[in-house]
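**Q** Below you'll find the structure I mean.
The values are calculated or read from the model by the stated rules, or taken from the named source; none is laboratory data. Small disclaimer: the values here were computed from a predicted structure and weren't measured. Every residue, glycine as well, gets a Cβ built from its backbone with ideal geometry; the counts of neighbours run over all protein chains shown. When the accessible area is computed, the model is the full protein with side chains, heavy atoms only, and any ligands, DNA or RNA have been set aside. Shrake-Rupley method; radii C 1.70, N 1.55, O 1.52, S 1.80 Å.
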Amino acid sequence: MALLPILRYPDPRLYKKASRVAEITEDIRALVHDMAETMYAAPGVGLAATQVDVHRQIIVIDTSEARDTLLVLINPEILAREGSQYCEEGCLSVPGVYEAVERAEWIHVRAMGLDGKLVEFEAETLQAVCIQHEMDHLQGKVFVDLLSRLKQNRIRAKMQKQLRQPA
Ligand code: NI
């Protein structure tokens, strides 16, 4: 197990599209374990493989209060979506920035689990937001890209300042 370095916005590697996972190998299993450890340590509610510079369609999520319900989604697809909600989102690749973004309120998801089996389920509220946010990462999209040009410029400047003054 290891903590993985997380790419910081606007790193161009965050804009790469992830490819599908054909098979659950030992390497994929190890990556998922490290991603989960990295997400819990950060702490965050979700992490996409893209954020640790692995361009495969894998996300880990835990939106539970007790932080004990890990959801691993491989090759996730949204089969149906309904409604809309605005929720303040943050991202481990954009530390210290929280902005409201429009997302579907309800989604029907299909994904492969770590056991290689396909699962289908419905998600709403925070979990739905989180899944949509992480799935965007796999498409090479950061939530900042959904904001106004003015906000994007401000966030870019803030991130560049953070990089110059490491914690
Ligand atoms: Ni994110």
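**Q** When both residues are 6+ apart or on different chains and their Cβ atoms are under 8 Å apart, which pairs have a first residue that lies in segment 128-149 and is more than 20 Å from E77 (Cβ to Cβ) and at pLDDT 95 or above, and a second that is open to solvent by less than 10 Å² (accessible area, probe 1.4 Å) and within 8 Å of the ligand (Cβ to nearest atom)?
**A** Pairs found: V142/S93; V142/V94; V144/V94.
**Q** Select, from I74, I78, I107, the only residue that is over 15 Å from the mean Cα position of the chain (by Cα) and modelled with pLDDT of 95 or more.
**A** Within the list I74, I78, I107, the selection yields I107.
**Q** OK, next. Given the conditions (1) over 25 Å from A30 (Cα atoms); (2) out of contact with any Phe, Trp or Tyr (no Cβ under 8 Å at 6 or more places or on another chain); (3) open to solvent by 50 Å² or more (accessible area, probe 1.4 Å), and given that K117 satisfies all but one, which numbered condition is not satisfied?
**A** (1)
**Q** Residue by residue through segment 46-56, note down the ones that are under 11 Å from the mean Cα position of the chain (by Cα) and either more than 11 Å from the ligand (Cβ to nearest atom) or more than 21 Å from G140 (Cβ to Cβ) (or both).
**A** Within segment 46-56, A49, V52 qualify.
**Q** Identify the single condition in (1) out of contact with any strand residue (DSSP E or B) (no Cβ under 9 Å at 6 or more places or on another chain); (2) away from the ligand (no atom under 16 Å from the Cβ); (3) open to solvent by less than 10 Å² (accessible area, probe 1.4 Å) that L163 does not satisfy, given that it satisfies every other one.
**A** (3)
**Q** Does segment 77-91 contain at least one residue that is within 30 Å of Q165 (Cα to Cα), within 16 Å of the ligand (Cβ to nearest atom), open to solvent by less than 50 Å² (accessible area, probe 1.4 Å) and in a strand (DSSP E or B)?
**A** Yes, the conditions are met somewhere in segment 77-91.
**Q** State all residues of segment 57-76 that are away from the ligand (no atom under 16 Å from the Cβ) and either in contact with a helix residue (DSSP H, G or I) (Cβ under 7 Å, 6 or more places away or on another chain) or open to solvent by 40 Å² or more (accessible area, probe 1.4 Å) (or both); if no residue qualifies, say none.
**A** If the condition is that a residue be away from the ligand (no atom under 16 Å from the Cβ) and either in contact with a helix residue (DSSP H, G or I) (Cβ under 7 Å, 6 or more places away or on another chain) or open to solvent by 40 Å² or more (accessible area, probe 1.4 Å) (or both), then E65, A66, R67, D68, T69, L70, V72 are the ones that fit.
**Q** Checking Q132 against (1) of a type in the set (S, T, N, Q); (2) within 23 Å of A18 (Cα to Cα); (3) open to solvent by 80 Å² or more (accessible area, probe 1.4 Å), only one condition comes out false. Which one?
**A** Among (1) of a type in the set (S, T, N, Q); (2) within 23 Å of A18 (Cα to Cα); (3) open to solvent by 80 Å² or more (accessible area, probe 1.4 Å), the lone unmet condition for Q132 is (3).
**Q** Which pairs do you get when a residue that is at positive phi, found in segment 1-24, comes within reach of a residue that is surrounded by 12 or more Cβ atoms within 10 Å (Cβ to Cβ) and part of a loop (DSSP other than H, G, I, E, B), reach meaning Cβ atoms under 8 angstrom, with the pair 6+ apart or on two chains?
**A** Matching pairs, first to second residue: none at all.
**Q** Another question, if that's okay. Which of the numbered conditions does K141 fail, given that it passes all the others? Conditions: (1) open to solvent by less than 40 Å² (accessible area, probe 1.4 Å); (2) within 22 Å of R20 (Cβ to Cβ).
**A** Every condition holds for K141 apart from (1).
**Q** Within segment 1-54, how many residues are over 21 Å from Q132 (Cα atoms), in contact with a helix residue (DSSP H, G or I) (Cβ under 9 Å, 6 or more places away or on another chain) and among the acidic types (D, E)?
**A** The total comes to 1.
**Q** Mind checking which residues of segment 92-114 are touching a residue at least 60 places away in the same chain (Cβ under 8 Å) and either surrounded by fewer than 14 Cβ atoms within 10 Å (Cβ to Cβ) or within 16 Å of the ligand (Cβ to nearest atom) (or both)?
**A** Within segment 92-114, L92, S93, V94, P95, G96, V97 meet the criteria.
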